[in-house]
Amino acid sequence: MKKTLITLLISGIFTSSAAMAITNSFSVAIDMQNVGNNLTIAETTAMVFPTIIVDGSTKAGAKCYTSNNSTSLKELCRNTTANTAARHDGVYEITGSSLAPISLTLSGASTANGMQLSTSFATSSPLTSVNHILDASGKISDAVAGHLELIDPAGVLSQTTTFTYDITAAYN
């Protein structure tokens, strides 16, 4: 009988300790901000072409590039010292959320005054769309190269002509 009583007491001790459990709830406070689409694009260096020369030797299809110093005499921006120094790609800074993946896309060609302007990202020519990851400060720079082509020599007027192009930035 003593053996049975000791067994019952011991099993009762183990049974009651296994049934003891406790649950606590905890909370965490998180600061959140919905800043919407905080991407911005700013031009840091304007795209520049030198003076374009169209004369009797200039044929349709002649080209000028912002990032190419070709010496072709059929080129629209003939390679003189002044013209070489006067041409360069446009440079843009894109800002947004730190380390965020983004895509950049360029608009199509623009035509005016007998000329057509096409653009491409200078780092990945002839691409008109690229992907980047913004740096830790939420910034990245990219350059846009310009390609000017003579479409109609008779349509070229002696005046300043403005071409436009768009850069679209979006989070991936």
So ASP135, is it of a type in the set (D, E, K, R), farther than 14 Å from THR168 by Cβ and either in contact with a helix residue (DSSP H, G or I) (Cβ under 9 Å, 6 or more places away or on another chain) or without any contact (Cβ under 8 Å) to a residue 24 or more places away in the chain (or both): no
Go through (1) at pLDDT 90 or above; (2) closer than 22 Å to THR160 by Cβ one by one and return the number of the condition TYR92 breaks. (2)
Any residue in region 95-114 that is within 27 Å of PRO153 (Cα to Cα), of a type outside the set (Asp, Glu) and touching a Pro at 6+ places or on another chain (Cβ under 9 Å)? yes
Can you spot a residue in region 157-164 that is modelled with pLDDT under 95 and in contact with a helix residue (DSSP H, G or I) (Cβ under 9 Å, 6 or more places away or on another chain)? no
Here the residues within region 138-172 that are more than 15 Å from MET47 (Cβ to Cβ), assigned to a loop (DSSP other than H, G, I, E, B) and in contact (Cβ under 8 Å) with a residue 24 or more places away in the chain are GLY138, ILE151, ASP152, VAL156, LEU157, GLN159, ASN172
Is there a residue in region 99-112 that is surrounded by fewer than 19 Cβ atoms within 10 Å (Cβ to Cβ), at pLDDT 90 or above, over 25 Å from TYR171 (Cβ atoms) and of a type in the set (A, V, I, L, M)? yes
Could you say whether any residue in region 114-127 is small (Gly, Ala, Ser), loosely packed, with under 13 Cβ neighbours inside 10 Å, part of a helix (DSSP H, G or I) and in contact with a Gly (Cβ under 9 Å, 6 or more places away or on another chain)? no
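The values are calculated or read from the model by the stated rules, or taken from the named source; none is laboratory data. Note that the structure is predicted; figures quoted are calculated from it, not measured. With ideal geometry, Cβ positions are generated from the backbone for all residues, glycine too; neighbour counts draw on all protein chains shown.
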